[in-house]
């Protein structure tokens, strides 16, 4: 046997013994400890899913919740209203999993020392099958150690649980209420009306699955902006409630609302309406009074919520300058002011070429350019009904792009112009303005610089991949 063989055998044996020792440690020590951690003792020994009723008795109020046949929680007292499902479920889970950290068998008779003479809350549960669960009386927190005292009704023993449980069960009625103000799905909405003080009414209708602005004027609507608006309406959440409002809605600014949104959900039912009134006069964070058309409750929402809904008609307008299907395009003529035009063309079923050029264009570069043309969506409508484009430099644009389809049929032409702005001297890019229009159109748009620069192409940009992917073209 070679001299190194005993050494190799000893090393292998040592490694085997270490592995066996580690395995024994995990099996006999770590695993039982983990299992004990997972099977912590709880105060009530009940599963959360088995709980179908819950009463919270505080010194100044009592809140009773019940679960319906579908498993949804509802507040039964002091009001019969929907519950916030997430908040209520978390509360039930916290009660069911409340940890028992210590038991004191003989706490004495002075319950005041533990805050049990005037409990923070008394919790009474009902469970499926009607089993009796003793009420849990929760006292005060311990002086040190972040624990809390608790006692089961009829049981003289004293129990310690976590301070987190003690703080987590302090609930106001508004904490447990469903804070949804209006509930709908986007595909249900067939019409939107927005009314406000001293502003034109806005009406938007869905026609053949496409949104159109019908008041003021008749225009295509931007589906993305409409969805964003509906999301803001659906996302309204109450921060507080006025359940017995005064008869005079003027006290809340709701007799003549700042803004009202009406959603037509199809069918013969009336629209669902949300109206926004005045700000709450009391101190603290500013809140607005809000009322749903079919309800008696007045809600309070953060004042910022109105800013997401106060939109003018142009916000909803489709700001696409030139709409077309990419596959329909067979020719693009690009003319830059002061330069000779060039043409990208594609025969049916063929590849793109540059008319009169000696090099073939990169297909990806042409595809990106078509997308850039089609996705030219400036952020602002400057003017409608324009007959003289000279004020915007669009009578002699910096860029003119004519798009054609099958058999040379014109699809349309996009005009883009760069004009000096009124920004600080020495900040040329920030001072410039960029205007866009469709040829023979009467609407002028203003957009950002990157929309303009990605249209300002030369023939070489389509044969030089590095130029076609310049960082400037990739600006958001």
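The values are calculated or read from the model by the stated rules, or taken from the named source; none is laboratory data. What you are looking at is a predicted structure, and each value in this text was computed from that prediction instead of being measured. Ideal geometry is used to build each Cβ from the backbone, glycine not excepted, and the neighbour counts take in all protein chains shown.
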Counted residues, region 101-115 - those being part of a loop (DSSP other than H, G, I, E, B) and under 17 Å from residue 162 (Cβ atoms): 2
Region 285-317, residues that are in contact with a helix residue (DSSP H, G or I) (Cβ under 8 Å, 6 or more places away or on another chain) and in a loop (DSSP other than H, G, I, E, B): 308, 309, 311
Odd one out for residue 146, checked against (1) on the phi > 0 side of the Ramachandran plot; (2) in the same structural domain as residue 72 (by TED's automatic domain parsing); (3) touching a residue at least 40 places away in the same chain (Cβ under 8 Å): (3)
Filtered residues of region 80-94 (kept if in a helix (DSSP H, G or I) and more than 11 Å from residue 174 (Cβ to Cβ)): 85, 86, 88, 89, 90, 91, 92, 93, 94
Those residues of region 280-292 which are in contact with a strand residue (DSSP E or B) (Cβ under 8 Å, 6 or more places away or on another chain) and surrounded by fewer than 15 Cβ atoms within 10 Å (Cβ to Cβ), in sequence order: 285, 286
Filter result for residue 217 (in contact with a helix residue (DSSP H, G or I) (Cβ under 8 Å, 6 or more places away or on another chain), part of a loop (DSSP other than H, G, I, E, B) and closer than 29 Å to residue 377 by Cα): yes
Selection count, region 350-367, where residues are part of a helix (DSSP H, G or I) and surrounded by fewer than 17 Cβ atoms within 10 Å (Cβ to Cβ): 3
Hey, residue 372 under 30 Å from residue 201 (Cα atoms) and under 42 Å from the mean Cα position of the chain (by Cα) or not: no
Positions within region 170-197 being loosely packed, with under 14 Cβ neighbours inside 10 Å and within 16 Å of the chain's Cα centre (by Cα), in sequence order: 183, 184, 185, 186
Matching residues in region 154-177 - criterion: being free of Cβ contacts under 8 Å to residues at least 24 places away in the same chain, out of contact with any helix residue (DSSP H, G or I) (no Cβ under 9 Å at 6 or more places or on another chain) and farther than 23 Å from residue 75 by Cβ: 154, 155, 163
Residue under evaluation residue 208, criteria (1) surrounded by 13 or more Cβ atoms within 10 Å (Cβ to Cβ); (2) at pLDDT below 95; (3) farther than 29 Å from residue 285 by Cα, criterion not met: (1)
From 383, 437, 413, 468, residue being assigned by TED's automatic domain parsing to the domain that holds residue 334, modelled with pLDDT under 95, on the phi < 0 side of the Ramachandran plot and touching a strand residue (DSSP E or B) at 6+ places or on another chain (Cβ under 6 Å): 383
Residues located in region 215-239, provided they are closer than 12 Å to residue 316 by Cα and crowded, with 16+ Cβ neighbours inside 10 Å: 219, 221, 222, 225, 226, 229, 230
Subset of region 293-305 [in contact (Cβ under 8 Å) with a residue 12 or more places away in the chain and surrounded by fewer than 18 Cβ atoms within 10 Å (Cβ to Cβ)]: 293, 294, 296, 297, 302, 303
Looking only at region 62-79, and only at residues there that are in contact (Cβ under 8 Å) with a residue 60 or more places away in the chain and not in a strand (DSSP E or B), the one that is nearest to residue 297 (Cα to Cα): 79
Index of the failed condition, residue 145 passing every other in (1) crowded, with 18+ Cβ neighbours inside 10 Å; (2) in a loop (DSSP other than H, G, I, E, B); (3) in contact with a helix residue (DSSP H, G or I) (Cβ under 9 Å, 6 or more places away or on another chain): (1)
Yes/no for residue 373 being part of a helix (DSSP H, G or I), touching a strand residue (DSSP E or B) at 6+ places or on another chain (Cβ under 8 Å) and under 18 Å from residue 454 (Cα atoms): yes
Subset of region 314-344 (residues that are out of contact with any strand residue (DSSP E or B) (no Cβ under 8 Å at 6 or more places or on another chain), farther than 23 Å from residue 222 by Cβ and touching a residue at least 12 places away in the same chain (Cβ under 8 Å)): 339
Failed condition for residue 347, given (1) closer than 21 Å to residue 223 by Cβ; (2) assigned to a loop (DSSP other than H, G, I, E, B): (1)
Test result for residue 254, touching a residue at least 12 places away in the same chain (Cβ under 8 Å), in a loop (DSSP other than H, G, I, E, B) and buried (at least 17 other Cβ atoms within 10 Å of the Cβ): yes
Positions within region 257-276 being under 23 Å from the mean Cα position of the chain (by Cα) and touching a residue at least 24 places away in the same chain (Cβ under 8 Å), in sequence order: 259, 260, 261, 262, 263, 264, 265, 272, 274, 276
Condition check for residue 320: within 31 Å of the chain's Cα centre (by Cα) and in a helix (DSSP H, G or I): no
